[in-house]
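Each remark here refers to the structure printed beneath this line.
Computed from the coordinates by the stated procedures, all read-outs in this text should not be read as laboratory data. Note that the coordinates shown come from a computational prediction; the quantities given were computed from them, not determined experimentally. Note: ideal-geometry Cβ built from the backbone for every residue, glycine included; neighbour counts use all protein chains shown.
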Amino acid sequence: MTSLATIELDAQATPYMPMPAKLVHAEQFTDKERFFRWELPTELEIKAGQFIQIGVMGVGEAPISITSAPGKRTSIDMCIRAVGDVTNALHRLEVGQTAWMRGPFGNGYDVKQCEGQDVLFVAGGLGLAPCRSFIAGVLDNRDKYGDVTILYGARTPADLLFKDDLEEWAARKDVKLLVTVDKSDGQWAGHVGLITTLFRKLTIDPTNTTVFVIGPPIMFKFAVLEVLALGIPENRIYCSLERRMKCALGVCGHCQIREVYVCKEGPVFTYQRVKRMREGI
Ligand SMILES: Cc1cc2nc3c(=O)[nH]c(=O)nc-3n(C[C@H](O)[C@H](O)[C@H](O)COP(=O)(O)OP(=O)(O)OC[C@H]3O[C@@H](n4cnc5c(N)ncnc54)[C@H](O)[C@@H]3O)c2cc1C
Ligand code: FES
C-alpha cells in the first residue's frame with residue numbers, strides 16, 4: 001500500500017500528482033460560501049493571486065484562489081462557493097479530513113512591485129477571497145506603502161465575507177475601508193449602492209496609485225471605468241481572470257484566450273493586457 005510519505009515524494013516529481021492537505025479549520029461564511037484552513041504536508045512559497053487545484057478523490061478538481069498572506073506557508077486559507085460537484089464535495093468535508101492539492105499555480109503578483117505607492121483594492125463578492133491575499137501582503141509590510149484603501153461590495157449584508165477581517169481593517173487607522181451592499185436588510189447601517197457609488201468618496205493621486213480590481217465580470221467592467229476616470233493608467237490596474245481550467249500547467253488549452261494560457265501567464269493581468277487579449281493584439 002502507498003504511504004502518504006511516498007505520495008509527498010511523488011508530488012515533487014510530477015505536477016499532476018496531488019499532495020494531501022488536512023482540513024484544520026472550517027467556518028460557514030454564508031449559505032454558499034465556506035472558509036477553509038488547510039495544513040500542508042510541505043512548505044509552499046506563495047504569491048498573491050496564485051491558485052491551487054484542489055480535489056476530492058473520485059469527484060474531481062477545481063481551481064481555487066489562495067486567500068491567505070503570500071510568503072512561505074505550511075497552511076493556506078481558501079473561501080469556496082458551493083456551485084457544483086467538486087465545491088459541494090469540499091463543503092461536505094469535516095475538520096480532520098483530507099483534500100488533495102496541486103500547485104500553487106499561476107503567475108501571481110509580488111506585492112513588493114507596488115512598494116512606495118498608494119494602493120487601492122476594489123473587491124466585489126467572492127473577489128474578496130483572492131484580494132485578501134494581496135491585502136495581507138501589503139499590510140504585512142504596511143510602512144512600505146502609501147495610503148491603503150479597500151472598497152468592498154456584496155449583494156446584501158448576509159453575503160458579506162471575511163467579517164472578522166473587515167472589522168480588523170475598519171479598526172486600523174492606516175487603512176481606509178469602504179463597504180457597500182446592493183440591497184439593505186433593514187438593519188444595515190452602512191452604505192447602500194453598487195460598488196461604483198463608493199468612488200465618489202475617494203481622493204486618489206493617479207500618478208502614484210496601483211489598483212487591484214477583483215470581482216465578477218459585470219462588477220469588473222463598471223469598476224474599471226471608475227478607476228480609469230480617476231486617471232489611473234491601464235498598466236497600473238490589475239485584475240484576476242477566471243476561466244474553466246483542467247491542467248493548470250499550460251498544456252490542455254481549457255483556459256486559453258487566443259494564444260494566452262490564463263493558468264500560466266495569469267490569472268493576474270494588467271487591464272492593459274486584458275484589453276489587448278480581448279482585441280487580439
Ligand atoms: C484562478 C481561479 C480561481 C478561483 N478561485 C475561486 C475561489 O477562491 N473560490 C471559489 O469558490 N471559486 C473559485 N473559482 C471558481 C471555481 O474554480 C469554480 O467554481 C469551480 O471550478 C466549480 O467546480 P465544481 O466542480 O464545483 O462545479 P461544476 O460542476 O464544474 O460547475 C458548476 C457550475 O459552475 C460553473 N462554473 C464552473 N467553473 C467555473 C468557472 N471557473 N467560471 C465560471 N463558471 C464556472 C459551471 O458552468 C456550472 O454552471 C476560481 C476559478 C479560477 C479559474
Ligand atoms: S488549464 Fe490547461 S492550459 Fe490552462
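Report, to one decimal in Å, the Kirkwood hydrodynamic radius for the chain based on all distinct Cα pairs.
Working: mean 1/r = 0.0513 Å⁻¹.
Kirkwood radius, the chain: 19.5 Å.
Run the reach check for Lys112 against lysines, Cα to Cα strictly under 16 Å, same-chain hits fewer than 8 apart removed. What comes back?
Lys47, Lys72, Lys144
Cα gyration tensor of the stretch 1-127, axes a ≥ b ≥ c as square roots of the eigenvalues: rounded (a/c below 1.5), prolate (a/b > b/c) or oblate?
Details: a/c = 2.08, a/b = 1.26, b/c = 1.65.
Oblate, since a/c reaches 1.5 and b/c is not below a/b.
Run the quick spin-label model on Leu228 and Arg142: label points 7 Å from Cα toward the beta carbon, then report their separation in nm to one decimal.
With each label point 7 Å from Cα toward Cβ, the separation is 3.5 nm.
Go through the stretch 266-279 residue by residue and turn each phi into a ³J(HN,Hα) via Karplus (6.51, -1.76, 1.60, θ = phi - 60°); whole Hz please, and just put x for glycine and proline.
With coefficients 6.51, -1.76 and 1.60, one gets x, x, 8, 9, 6, 4, 4, 5, 4, 4, 5, 4, 4, 7 Hz.
I need the P(r) histogram for the stretch 50-116: all alpha carbon pairs, bin width 10 Å from 0 out to the longest distance, whole percents.
Per 10 Å bin, starting at 0, the Cα pair percentages come out as 18, 50, 23, 8, 1.
Rounded, prolate or oblate: which fits the stretch 184-281 when a ≥ b ≥ c are the square roots of the eigenvalues of the alpha-carbon gyration tensor, with rounded for a/c under 1.5 and prolate only if a/b beats b/c? Walk me through the numbers before you get to the answer.
On the way: a/c = 2.96, a/b = 1.60, b/c = 1.84.
Oblate.
Per the helix-only calculation at 222 nm, which mean residue ellipticity applies to the chain, given -39500 (n - 2.57) for every DSSP H run of n ≥ 4 and division by its residues, nearest 500 deg cm²/dmol? Please report the intermediate quantities before stating the final value.
Numbers: 7 runs with 66 residues, N = 281.
Per the formula, -6500 deg cm²/dmol.
Order the peptides 146-153, 214-221, 238-245, 170-177 from the highest to the lowest mean number of other Cβ atoms within 10 Å of their residues.
On the way: 146-153: 22.0, 214-221: 16.9, 238-245: 19.9, 170-177: 13.0.
Listed from highest to lowest mean packing, they are 146-153, 238-245, 214-221, 170-177.
What does the charge add up to near Glu45, with Lys and Arg as +1, Asp and Glu as -1, over the other residues with Cβ less than 10 Å from its Cβ?
Numbers: positive: Lys47, Lys72, Arg73; negative: Glu43.
Summing Lys and Arg as +1 and Asp and Glu as -1 gives +2.
In the stretch 162-227, which GluC sites (Glu not before Pro) are in a loop and have at most 12 other Cβ atoms within 10 Å, using DSSP for the loop call? Don't skip to the answer; put the middle values down first.
Details: sites: Glu167, Glu168, Glu226; in loops: none.
Here no GluC sites (Glu not before Pro) fit, given the DSSP loop and packing criteria.
What nm distance separates the two modelled labels at Lys112 and Cys252, each placed 7 Å from Cα along Cα→Cβ?
Using points 7 Å along Cα→Cβ, the separation is 3.4 nm.
Which whole-Hz ³J(HN,Hα) couplings does the stretch 17-28 yield from phi under the Karplus relation 6.51 cos²θ - 1.76 cosθ + 1.60, θ = phi - 60°, glycine and proline marked x?
8, x, 10, x, 10, 8, 6, 10, 7, 9, 8, 6
Starting from 0.36 nm per residue, how many nanometres of slack lie between Thr197 and Thr30 once their C-alpha separation is accounted for? Before the final figure, lay out the partial values.
On the way: separation 167, 0.36 × 167 = 60.12 nm, distance 2.43 nm.
So the extension gain works out to 57.7 nm.
Given +1 on the Cβ of Lys and Arg, -1 on the Cβ of Asp and Glu, and no further charges, what dipole in debye does the chain carry about its Cα centre, rounded to the nearest 20? Walk me through the intermediate numbers first.
Details: 33 positive and 33 negative charges, 132 e Å.
It comes to approximately 640 debye.
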